[in-house]
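The values are calculated or read from the model by the stated rules, or taken from the named source; none is laboratory data. Because the structure is predicted, anything quoted here is derived from the model rather than measured. Ideal geometry is used to build each Cβ from the backbone, glycine not excepted, and the neighbour counts take in all protein chains shown. Note: accessible area is taken over every heavy atom of the protein model, side chains too, but ligands, DNA and RNA are not part of it. Shrake-Rupley method; radii C 1.70, N 1.55, O 1.52, S 1.80 Å.
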Amino acid sequence: AMFADGAAPGADVQSLWRSARSARCEAKSCQTGKISTAEAAAQCCTGRDAAVQMEQSKADLQDFQQEVQVDYTGLLSFLQRVEDAVIKELNKNWQSHAFDGFEVNWTDQNETVLCLHSLSYPEARDHKLQVTSVSWNATGSVVACSYGRLDDGDWSTEKSYVCTWNLDRRGLNPQRPDLVVDVPSSVMCLAFHPSQPSLIAGGLFSGELVVWDTSRTEDPVIWRTGMTDDTHTDPVYQVHWLPDTKHRHRSQLLSASTDGKILVWREERGGRLALADGFAVVAQQIPHSTQLKKLARAEAAMGVTSLSFSYFEPHVFVVGVEGGSSLRCSTAAQTPALPGTRSSVPLRAPAELAFSPHAGPVYSVSCSPFHNLFLSCGTDGQVHLHSMLQTQPLFALQLSKKYLFCVRWSPVRPLVFAAASGEGKCLQVLLLDLARSAQKPAVSLKQAVGDCPVYCLEFNTKHTQLLAAGDAAGTVKVWQLSSDFTEQGPREMNHLEQLASEIMD
């Protein structure tokens, strides 16, 4: 047949590709060739000990000791030669005032004065209530304000408020205070306790004193005077915390009113403030003032509008009165006040010296933390700088054509103070730096819009760059001061000493 099935032996062809891979030692499953490595160079070819502290030989140690031998005789001779010169220079440095008040400041410099917060309580503003007082608590983080009316001369029973804001709180709402306390009468003044951050005292238009504990939200009232024969018969315009000399861990509360009384209250059980001591400012008992003696034919009480304690003599304080004078007073006074004032404790006459008066009522006084000086201001628009030792002012500044309601000395700058103005369109917080000018403010801050005076202001003694000011529109503005107003100059105390030593002809 032409075609037939047949079987032939198989052919074996050797794979050259497989043999080549085997020669290169490649794995069958590896796609790339093996990466070969080799050590090209070593970082350190040789090693040796550079130094060993504990393995030094005794011979080397002896050589070292011999090298540092001191010539004590020569050193003694040198010290004896320079001793007088060194002591002279040390004494010169010790007496130098070149760096008085200098403190290292690691914080950023603030070049301008800024408004950090504008705080208000809408309900108080709806009732057209005014901010009558501001106060910082002991930590410097909480600011409180009282609402009431300072432009009403009649008896006021209108409801008012005390509000607090914690400026360190993350969720700070300027229109929503952290605490709101309803008060049945206008609150005319406030004062936080100097060491207990939650306690705050207030003086009312009704003449009462109340102490609130801001940590108690349900019923914050913990002490009050109530209406008794000892209670003030006029509005209370100043409250001040005093240490209790008989009880170390307690405090007393001092109040001043336009009824002429300055009363000291102590805490008692049952939430009551009881009268512990008292004074009466009577025109007939004010020394060294011919102008006041003309008014003293009757036993006329002098209305006290403001009060400030000396930082250098704890028993000395200054009061401003409605008659226009400032009076130096003492809690150590023993002269009985003239009869005619009803009180459960004998009242004393505290006035020791009457200073040259303003042309109208004095609204505010402030003692200097740095010297035996004080400031006063009033309805004549002037600020008087007084020494405690002489009746005439060291100088008088005409800062406003109308009223000045408040003046406060800076807690950190001896030559800086602030004043609250109520002049027309220039409703301002005035910052004065006597190192720059003794005639005009260094900075004028626009606090309010329209015809609403600035009534109160207070420096923060803990966070010294903060200043709070309250106005008649019901707003509290917290200002951040520039570094110029918070850092003391090297010769600032010398300048203040020169001012204090001047005597006007």
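Remark: region 121-501 carries 41 Å² of accessible area per residue (probe radius 1.4 Å; ligands, DNA and RNA excluded).
List the pairs from LYS440/LYS477; LYS128/LYS159; LYS159/LYS477; LYS402/LYS477 whose alpha-carbon separation is above 18 Å, in the order I gave them. Check vs 18 Å cut-off fails for LYS440/LYS477; LYS159/LYS477; LYS402/LYS477. For VAL82, the accessible area of its heavy atoms, probed at 1.4 Å with every protein chain present, is near 40 square angstrom. Of HIS127, HIS193, the residue with the largest accessible area leads and the full order is HIS127, HIS193 (1.4 Å probe). Shown for region 121-501: the carbon plus sulfur share of the solvent-accessible area, taken with all protein chains present and a 1.4 angstrom probe, equals 48%. Normalising the average separation of contacting C-alpha pairs (under 8 angstrom, six or more residues apart) by the number of residues puts the relative contact order of region 180-281 at 20 percent.
If eta is 1.002 mPa s and T is 20 °C, what Stokes-Einstein diffusion coefficient results for region 121-501, Kirkwood Rh from Cα pairs, in µm²/s? It diffuses with D of about 103 µm²/s by this estimate. What's the center-to-center distance, using Cα atoms, between region 297-352 and region 143-214 in Å? Spelled out, the Cα-based centre of one part sits 26 Å from the other.
Across the options ILE262, GLN498, SER195, the greatest Cα extent toward the positive end of the charge dipole of region 121-501 (unit charges at beta carbon of Lys, Arg, Asp, Glu) belongs to GLN498.
So if each residue of separation counts as 0.36 nm, and I subtract the Cα-Cα distance between GLN69 and VAL345, what length gain in nm does that give?
Extra length from GLN69 to VAL345 when fully extended: 91.3 nm.
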